[in-house]
Amino acid sequence: MTRIFVSWSGGKDGCLACHRALSGGMDVACLANMVSADGLRSRSHGIAAGVIKAQAAALGIPIVQRRTADDTYEAEFHKMLLTFKEEGIEGGVFGDIDFEPHREWVTRVCREAGMTAYLPLWEEDQTGLMEEFIGAGFVSVVVAARAELFGAEVLGRKVDGDFITYLKELGKTKNITPCGEAGEYHTLVVDGPIFPKRLEITESKRIEKDGIHFLEILGTRLNGK
């Protein structure tokens with residue numbers, strides 16, 4: 001059984017990649033989440049680091065959060081991989097779909113650490129991936145969206161069939177990909193078939209920063225099923 005880590009932002013694509021890895025018989029040793037230098041926020045989507053920890057607790061999978069600044073990101077990521085390698089982890093799973101520069105980057109940094117990069121969603125149809133994610137029973141909500149494309153009311157919206165239809169309609173006049181692979185929107189997964197517990201958002205507020213609407217999550221709790 002291949003022992004791997006999953007590159008983790010808290011969103012639907014990484015979660016679906018994790019699900020496929022588990023379904024394929026891989027041993028998910030941990031989630032890997034890069035956070036800001038002060039340790040307060042996930043670097044990928046700006047979600048509070050504590051919320052990502054709570055999500056990992058709902059999943060029942062250990063999480064490693066590594067602090068880094070912009071100019072030390074690759075060096076810190078590499079150090080993290082070397083530590084994983086010493087612990088017997090053989091590779092990493094990533095939720096990338098079609099952004100070639102990032103695929104090249106993760107492949108290289110994993111190779112330099114003596115590990116293999118796995119991209120189970122690579123170049124698949126994005127609408128099909130969305131339907132697979134929803135059909136499997138995963139529940140996620142929108143936590144960030146570019147203000148030039150979305151109104152603030154999209155924050156907190158559940159990713160479901162109606163949301164897919166909504167994106168298709170928006171896509172007629174705006175450049176939006178179904179999975180938001182170009183950073184159009186980001187999600188937080190709160191429940192699903194690999195979640196022993198459900199993550200409930202108990203308090204939040206909407207803010208806008210640098211042209212992006214954010215759902216600032218102020219409180220969470222875990223609920224059993």
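The values are calculated or read from the model by the stated rules, or taken from the named source; none is laboratory data. A quick note: this is a predicted structure, and the numbers were derived from the prediction, not measured. Methodologically, a virtual Cβ is constructed for each residue, glycine included, from the backbone with ideal geometry; neighbour enumeration extends over all protein chains shown.
Listing for the model above:
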| quantity | calculated |
| --- | --- |
| Selection count, the range 123-153, where residues are crowded, with 16+ Cβ neighbours inside 10 Å and either under 18 Å from the mean Cα position of the chain (by Cα) or polar (S, T, N, Q) (or both) | 15 |
| Residue that is nearest to C30 (Cα to Cα) [pool: residues in the range 89-120 that are in contact (Cβ under 8 Å) with a residue 12 or more places away in the chain and of a type in the set (D, E)] | E90 |
| Among the residues listed as I201, I212, the single one being under 21 Å from D96 (Cβ atoms) and β-branched (V, I, T) | I212 |
| Selection count where residues are surrounded by 14 or more Cβ atoms within 10 Å (Cβ to Cβ) and of a type in the set (S, T, N, Q), scope the range 164-206 | 3 |
| Any hit, the range 68-88, residues being touching a Ser or Thr at 6+ places or on another chain (Cβ under 8 Å), of a type in the set (D, E, K, R), more than 24 Å from I201 (Cα to Cα) and not assigned by TED's automatic domain parsing to the domain that holds I217 | yes |
| Neighbours by Cβ (under 6 Å, 6+ apart or cross-chain): first from the range 1-16, closer than 18 Å to V109 by Cα; second among the small types (G, A, S) and part of a helix (DSSP H, G or I) | W8/G14 |
| Test: residue in the range 207-220 that is over 17 Å from E153 (Cα atoms), touching a residue at least 40 places away in the same chain (Cβ under 8 Å) and either loosely packed, with under 12 Cβ neighbours inside 10 Å or of a type outside the set (D, E, K, R) (or both) | yes |
| Within the range 17-51, tally of residues that are more than 28 Å from D210 (Cβ to Cβ), free of Cβ contacts under 8 Å to residues at least 24 places away in the same chain and among the charged types (D, E, K, R) | 0 |
| Verdict on D191 being outside the structural domain of F99 (by TED's automatic domain parsing) and either polar (S, T, N, Q) or within 17 Å of the chain's Cα centre (by Cα) (or both) | yes |
| Residue count, the range 192-213 (criterion: more than 24 Å from G60 (Cβ to Cβ) and out of contact with any Leu (no Cβ under 6 Å at 6 or more places or on another chain)) | 7 |
